[in-house]
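The next block holds one structure in the form of structure tokens; read it before the comments.
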Amino acid sequence: MNIEDPKTLKPGEARSEAISVQELLDRERVAVPPVLRKNFNVHMGSDRLPTTRWTSPEFARQEMDKMWSKVWQFACREEHIPDVGDYITYEIGEYSFLVVRTAEETIKAYYNACLHRGNQLKPEGTQGNASELRCTFHGFTWTIDGELADIPCRWDFPHVEDAEYKLPQVKVGTWGGFVFINMDDDAESLESYLGDLIPEFDRWDFKNKYIMNHIAKRVDMNWKVGIEAFAESYHVVATHPQIMPSTADANTQYDVDPDRNYNRMITAMGVPSPHITGVTEQAIVEAMTPRSYRMGVNMDDFKVPEGVTAREFVAEMRRKSVGAMYNHDYSSATDSEMLDAIQYWVFPNFFPWGGFGTNIVYRFRPDGLNPNSALMEVFILSDYDLTKPRPDPAPMRLLGEDQEWIVAEDEIGGLAGVFQQDMVNMPQVQKGMKSLKRGVTLANYQESRLRHLHWKIDEYINAE
């Protein structure tokens, strides 16, 4: 597609003239699965967005009342609560929930509040195992199934009917090892909400992965600023120049349809950015080395053979090394599935990456009702040897206010430095928006996923 004079094209049609993701897939030496051949983008307009969407307490209140209270949202992984009686808390905005495995195949989620005087049944940010749910304040007690079990001095509560004092539940759904909740009793099923995303992920078997690392940090930004920073590759040229020799940023593929509750981008790795020229295949490999945590092998000592591209070479190295590590056969996996950022986003705040071996998952949550603060979480999910027990999930490591992401380098490798570069931008965006009087301007294609986010928010806010 010609980009020299984009005004001659219809809005949203302009594309980078560099090699496309689909052209790279044409070069694959194994069969390309249909999921990677999907390629669509629905233009949603070019209007500027008012900054109050990010900065206004009133808008944050609308989001909580009309959107967060009605959407399916990722609360935990099933591996967090593998045994009967296991529980974990989940917080979103002003709400707190207890997610409990009540039977071998049953998970329930309750509002985390005693029905006596509202004390939280379990403290925020905790998990464990319980045979009952007992309030630490006065001792009101429920079974893990939510049935009222005991009231101290029961004689003083003749007005309490057991049937009316079951713990209020929210809807629970599971997919791919993830546990979702929804506060809306009338919400569509999780399966309907996710739609085509479910079969798209079948190939990558997320149910049989485990949380290898989980790092989190509170950031002075609106939760949407965080999502938007990770929903496009347009910022690579200015923010992450060190990855440009091995990252095809401007020719990322963006798959967006406003009728779906998810979208996707595919950023090819092992290919240089269209912004630079003259990069050798060996230089591409060397640029990928700091991110070798995902390769499963130290790339420092390897030389690209004559007649082989860096992309082919690193993908094959990863097939062999990660395959041996996890006792998996990746011979039918494409280079794309071994290397690329196949990054999905599920409305409103859940980012699972497709592919094999290790997969990144992002989650961004508002910090209460404060529009200027959010919790950013990074999960590293990994395959494991299925002939052995599933490793325990890594606990969340919450970085301190003064800690930089680089302190997590042992857990997430070169990603730590990349995230630290992003960390410079996001709080500045939040501050800068308060001085931006004409609204936010978005690119038609490269920032189409950002517009999709706001499109979906408006669907909920304007639903009535």
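The values are calculated or read from the model by the stated rules, or taken from the named source; none is laboratory data. Note that the structure is predicted; figures quoted are calculated from it, not measured. Here the Cβ positions follow ideal geometry from the backbone for every residue, glycine too, while neighbour counts run over all protein chains shown.
Each row is one residue, and each column tells you yes or no for (1) part of a strand (DSSP E or B); (2) on the phi < 0 side of the Ramachandran plot; (3) surrounded by 20 or more Cβ atoms within 10 Å (Cβ to Cβ).
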| residue | (1), (2), (3) |
| --- | --- |
| GLY323 | no, yes, no |
| SER332 | no, yes, no |
| MET338 | no, yes, yes |
| PRO352 | yes, yes, yes |
| PRO371 | yes, yes, yes |
| MET376 | yes, yes, yes |
Selection within region 346-367 - within 20 Å of ILE198 (Cβ to Cβ) and over 8 Å from the mean Cα position of the chain (by Cα): PHE347, PRO348, GLY354, GLY355, PHE356, ASN359
Residue check, GLY195 modelled with pLDDT of 95 or more and on the phi > 0 side of the Ramachandran plot: yes
Matching residues in region 116-174 - criterion: being exposed (fewer than 15 other Cβ atoms within 10 Å of the Cβ), aliphatic (A, V, I, L, M) and closer than 27 Å to LYS70 by Cα: ALA163
Selection from region 413-436 of residues that are without any contact (Cβ under 8 Å) to a residue 24 or more places away in the chain and over 18 Å from ARG218 (Cα atoms): GLY432, SER435
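Please find, within region 393-412, the residue that is surrounded by the most Cβ atoms within 10 Å (Cβ to Cβ) out of those that are part of a loop (DSSP other than H, G, I, E, B), in contact (Cβ under 8 Å) with a residue 24 or more places away in the chain and within 21 Å of the chain's Cα centre (by Cα).
This residue is PRO393.
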Unique match (being free of Cβ contacts under 8 Å to residues at least 40 places away in the same chain, small (Gly, Ala, Ser) and touching a strand residue (DSSP E or B) at 6+ places or on another chain (Cβ under 9 Å)) among SER233, SER189: SER189
Residues of region 130-175 satisfying the condition of being among the acidic types (Asp, Glu) and farther than 30 Å from PHE350 by Cα: GLU132, GLU147, ASP150, ASP156, GLU161, ASP162, GLU164
Check on SER246, closer than 19 Å to ASP340 by Cβ, over 19 Å from the mean Cα position of the chain (by Cα) and among the hydroxyl-bearing types (Ser, Thr, Tyr): yes
